[in-house]
Structures are given as C-alpha cells and as structure tokens.
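J.: If you scroll down you'll find the structure; I have some questions about it.
The values are calculated or read from the model by the stated rules, or taken from the named source; none is laboratory data. In this text, all values refer to a predicted model and were calculated from it rather than measured experimentally. Neighbour counts run over all protein chains shown; Cβ positions are idealised from the backbone, glycine included.
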Amino acid sequence: MTSNNLSTMAEDWFDQYLVERGYTWQVEPDVGLLGRIKNPDRLVSAHGFEVVCEVKSFNTPGLFADAEFRRSEDGNRVAGPKSRSMKDALKPLRSQIKQAAAQLKAAQSLGHPLMVVMANPMNCPVPSDDMSLMAAMYGDHELHGTLDPDTGEIAEWTMTLGRNGKLTMDHPYVSAVAWLHHQDRAVAWYGVWMDENRAQYGDDVAGWLEAMRAVEHEAPTGSDVWLTIVETVSESAVPLPRDVFDGPRDVRYVPTPDRTGLTLYQH
C-alpha cells in the first residue's frame, strides 16, 4: 500500500468522525500569507468555530526496525534480544508531529486552532497509548523517586516527562495533537464473544471455528471512530474549544491551571 493510500485511509477515517459529529469541512484549503501558501488536510467547521487539521498516518517498522535484529553468519536477519529507548520508540510519532506542524505553520494567520491528527491504518508497531502520545509531545517517560537519607530507600515514586519533548518550544502555534482510533465493530464483538465462551471451548480450535461460523450472522457491521486529544500547554496557540471534538468516546487532556502539566478533562 502506498503512502498516498495510507493518507487517504486516515483522512477517510477522520471524515467518518466528522460526519458522525455533524461537522462540515473543506478539503486542503489554501491558507497562508505573502506567498507562503500551504494546503492542510481539513478546515473543520463546528459550533461556530473553525479548526485547521493536518492528518498523518504511519508506514514504518517502528519498534521492529532494523535495529531490533542482528545478522546471522549466513546473512539472514534473526530476531535478537535488544531493548529500545523511549527516544527510539517515540521517533515515528515525533516525526509525524513535526511534519504536520510545518504544514500548519502557514495557517497561523487565520487565527484558528491548529490540530495534528495521527492515525494508524496499517497497524504499524508504534506506541498509541495516551501516555506515549503525551511523551511524544513533551518528553520521554521518566520515573523519579525521593531518597530517604535515614533509611537509604527511595520512596514517593512519580512518573514525569523528561527529555526529547520540545513541541511548545519548536511549534508554539499548535493547539492540540490527537490520536484517531478506528475499531471494526465485528472484531470488537468477536473479542467479547470469545471471552464469554473461553471456558467452553478452551484449546479446541475446531470447536471455536464451528461455533464462530454459527454466530457470524450476529456480528455487527461498520466501525467506530473516536479521538484522544492532548491540548498543548502553549500560551500563544489559539485554544481548541472544549465543545468541539467532544464525542461520547472522545478523551481529552488539558493543561493544569499553572500550565506546567496535563490532566484528564471531565466532559
């Protein structure tokens, strides 16, 4: 599948989300001033606001890149025991955020919120959990503890974001970064069904297959899409309105009052 196909699929997923929310949009509008014209993927209109969105997808071996393998004597690749740093693991996310931010830069003159949307149609092995999304933006995960000088023990462990996160410094005009989730309803339904019937069939593969064929007509059709949104802590970015991209399954993280951290937003 080509990169263009990947981009189109990710944009199709985003369009599905916009349709379900009742939003309207322009495709690749001309934005910018003084000859610096760019064409971000979507200009979304919702509740009287307009949001400029750049949609990115992945086509990368990610965590299974060449660094994960060693060469045997015959020249073949053999999986080897090799760890990856957070910097390496999050490199694909940071690369896409950087590319999207460059595309959005010319749209600053519009005065609209600017949002990066990432999706993974190819199911590439890249981190997609909430903490990894925040770490890609603001720094690698670090575990800090307080040393008790009397006992020599470390207590009060806390997870923080440390090095390699420079979004606000490098791209202060970006309002938010989002991960676009896509789930086939039949796949989710079969997952629940298998959990409910695991005790009955156990390791009986033939029994599983026969039973699944018997109930396949019950599986729902279609797919579900939703967003995990992380607002940036930048004070110069145009804020993303809280009543836009607020679907029933959407998750949003917002800056703390002192803008030194992020917290889960309660709709």
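J.: Could you pull out the residue among Asp41, Asp12 that is under 20 Å from Ala119 (Cβ atoms), surrounded by fewer than 16 Cβ atoms within 10 Å (Cβ to Cβ) and either in contact with a Cys (Cβ under 9 Å, 6 or more places away or on another chain) or modelled with pLDDT of 95 or more (or both)?
T.: The match here is Asp12.
J.: Here is a follow-up. Say whether the condition of being touching a Lys or Arg at 6+ places or on another chain (Cβ under 8 Å), under 12 Å from Pro40 (Cβ atoms) and either at pLDDT below 90 or among the acidic types (Asp, Glu) (or both) is met by at least one residue in the range 104-127.
T.: Within the range 104-127, one or more residues are touching a Lys or Arg at 6+ places or on another chain (Cβ under 8 Å), under 12 Å from Pro40 (Cβ atoms) and either at pLDDT below 90 or among the acidic types (Asp, Glu) (or both).
J.: Still on this structure, I have one more. Pairs under 8 Å by beta carbon, first residue closer than 8 Å to Val44 by Cα in the range 14-28, partner part of a helix (DSSP H, G or I), six or more apart or different chains?
T.: Listed by first residue and then by second, the contacts come to Thr24/Leu18; Trp25/Asp15; Trp25/Leu18.
J.: Can you pull out every residue in the range 25-55 that is over 17 Å from Val238 (Cβ atoms) and assigned to a strand (DSSP E or B)?
T.: Once the filter is applied, which keeps residues that are over 17 Å from Val238 (Cβ atoms) and assigned to a strand (DSSP E or B), the range 25-55 yields Trp25, Gln26, Val27, Val55.
J.: Specify which of the listed residues (Val215, Val205) is among the β-branched types (Val, Ile, Thr), surrounded by 10 or more Cβ atoms within 10 Å (Cβ to Cβ) and farther than 30 Å from Met115 by Cα.
T.: So the residue among Val215, Val205 that is among the β-branched types (Val, Ile, Thr), surrounded by 10 or more Cβ atoms within 10 Å (Cβ to Cβ) and farther than 30 Å from Met115 by Cα is Val215.
J.: Same structure again: I'm told Ile154 meets every condition in (1) surrounded by 12 or more Cβ atoms within 10 Å (Cβ to Cβ); (2) at pLDDT 90 or above; (3) more than 25 Å from Pro255 (Cβ to Cβ) except one. Can you identify the failing condition by its number?
T.: Checking Ile154 against (1) surrounded by 12 or more Cβ atoms within 10 Å (Cβ to Cβ); (2) at pLDDT 90 or above; (3) more than 25 Å from Pro255 (Cβ to Cβ), the one that fails is (2).
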